[in-house]
Amino acid sequence: MGSNAPAGPEAAALTEIVEGVYAWVQPDGTWWVNNAGAVAGEDGLLVVDTCATEARTRRFLDALARATGDTPVRWAVNTHQHGDHTYGNSLLPDSTALIGQAAMREALLHDPFLDACPPFWSPAPDWGGVSRRAPSIVLDRGLTVYTGRRRVDLLHPGYTAHTPGDVVAWLPEERVLYTGDLVFHGLTPLVFMGSLEGALRSLEWLHDFAPDHVVPGHGPLFGAAELDAVLGAHERYYRFVLETARAGVARGRTPLETALACDLGEFRDWDDAERIALNLHRAHADLTGTAMDLTAALSDAVEWNGGPLPTRL
């Protein structure tokens with residue numbers, strides 16, 4: 001599955017949302033292809049996430065340098081642990097202070113995909129010249145960074161959602177919200193390393209910011225007028241997964257059997273629809289109080305998809 005729209009590293013673009021506040025949007029936002037951003041102020045740049053590969057991260061950082069006149073990158077924050085948002089960390093300047101939530105740091109230190117990516121994607125990801133770099137500054141619930149007079153609040157929801165270590169970057173004056181993967185705009189959300197209940201709970205938390213501008217972890221930028229519709233679609237999907245999982249557990253079905261039997265309805269045309277198998281593995285594990293088998297979940301997603309999961313790398 002996946003979009004047929006032209007996409008690739010050359011399709012990425014830097015958008016200035018308000019003066020000195022940037023989003024790096026990488027179409028089409030499917031597997032390993034994320035959004036990132038940066039906030040400029042008198043004291044330098046705060047970068048929000050990097051990218052999965054050396055080539056994509058260098059393209060992002062070069063675009064930032066051109067747009068900001070080589071303003072130094074003083075800080076960077078990772079919104080969560082996943083490699084599409086973190087593998088490029090090692091390409092940041094050595095002097096950059098890297099920030100993340102405490103659980104996110106631990107997860108990145110033990111991430112299994114950077115050293116040996118399993119054969120679930122095609123073409124196989126080529127990370128290029130990157131190495132593991134975890135945050136040196138960790139937060140629990142929140143941390144505020146000032147670059148000159150510009151304030152950026154880095155906030156954890158207080159519970160596991162997309163992952164245990166999610167962080168949003170919130171600019172209260174400019175009303176810009178970088179959500180990380182708490183929001184997938186226009187494609188299937190992924191919650192297999194988090195909690196369906198927590199992801200559902202996070203939607204109200206995000207709504208309460210009342211942002212004017214939203215930079216999702218994947219998919220197009222959107223504004224206040226679309227907020228209710230985007231979060232509403234997430235809510236319907238999460239509830240669908242939870243209800244489907246409960247019915248599957250009650251019937252004694254495996255997550256894959258449940259995924260193959262279910263009708264995705266309004267969600268069938270979302271990119272990366274095969275994530276239903278992964279998300280059902282998460283919900284099934286939580287409902288039965290068992291550990292989720294990551295390899296089995298990815299294998300089931302491949303089987304549901306009828307072959308390896310397509311990438312743009």
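The values are calculated or read from the model by the stated rules, or taken from the named source; none is laboratory data. If you're wondering where the values come from, they're calculated on a predicted model, not measured in any experiment. So basically every Cβ, Gly included, is an ideal-geometry build from the backbone, and we count neighbours across all protein chains shown. For accessibility, only protein heavy atoms count, side chains too; no ligands or nucleic acids. Shrake-Rupley method; radii C 1.70, N 1.55, O 1.52, S 1.80 Å.
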Residue 311's amide H: which non-local residues (gap 5+, or another chain) put their own amide H closer than 5 Å, with H modeled 1.01 Å from N in plane and none for Pro or chain starts? 122
Would you compute, from DSSP H runs of 4+ residues alone, the mean residue ellipticity of the chain at 222 nm, taking -39500 (n - 2.57) per run and dividing by the full residue count, rounded to the nearest 500? -10000 deg cm²/dmol
Could you list which residues have their amide H under 5 Å from that of residue 184, counting only those 5 or more apart in sequence or on another chain, with H placed in the peptide plane? none
Residue by residue through the range 77-90, the couplings from Karplus 6.51 cos²θ - 1.76 cosθ + 1.60 with θ = phi - 60°, in Hz, x for Gly and Pro, are 10, 9, 6, 5, 7, 5, x, 5, 9, 9, 5, x, 3, 5
Under the Karplus relation with 6.51, -1.76 and 1.60 and θ = phi - 60°, whole-Hz ³J(HN,Hα) for the range 92-105, x at Gly and Pro, equal 5, x, 4, 7, 6, 7, 9, 10, x, 6, 4, 5, 5, 4
Could you let me know the centre-to-centre spacing of the range 281-309 and the range 227-242, using Cα atoms, in angstrom? 21 Å
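State in Å² the accessible area per residue of the range 162-313; use a 1.4 Å probe, count heavy atoms of protein chains only, and round to the nearest integer. If you can, show how the numbers build up before the last one.
Values: 5810 Å² over 152 residues.
Counting only protein heavy atoms, the per-residue value for the range 162-313 is 38 Å².
Over the alpha-carbon set of the range 83-185, divide Rg by the Kirkwood Rh and report the Rg/Rh ratio to two decimals. Each step should come with its number before you reach the end.
On the way: Rg = 15.0 Å, Rh = 15.2 Å.
Rg/Rh for the range 83-185 comes to 0.99.
How much of the accessible area of the range 229-304, probe 1.4 Å, is carbon plus sulfur, in whole percent? All intermediate terms of the calculation are to be shown ahead of the outcome.
On the way: 1620 of 3380 Å².
Answer for the range 229-304 is 48 percent, counting heavy atoms of protein chains only.
Nearest 20 debye, what's the magnitude of the dipole of the chain about its Cα centre given +1 on Lys and Arg Cβ and -1 on Asp and Glu Cβ?
On the way: 23 positive and 41 negative charges, 73 e Å.
Value, rounded to 20: 360 debye.
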Residues meeting the amide H criterion for residue 161 (H placed from the backbone, H to H distance under 5 Å, 5 or more places apart or on another chain) are 166, 195
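Counting only GluC sites (Glu not before Pro) that sit in a DSSP loop (anything but H, G, I, E, B) with at most 12 other Cβ atoms within 10 Å, what is the longest stretch of the chain containing none of them?
174-313
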For the range 286-293, just list the computed ³J(HN,Hα) in residue order, Karplus coefficients 6.51, -1.76 and 1.60, θ = phi - 60°, integers in Hz, with x standing in for Gly and Pro. 5, 5, 9, x, 10, 6, 7, 8
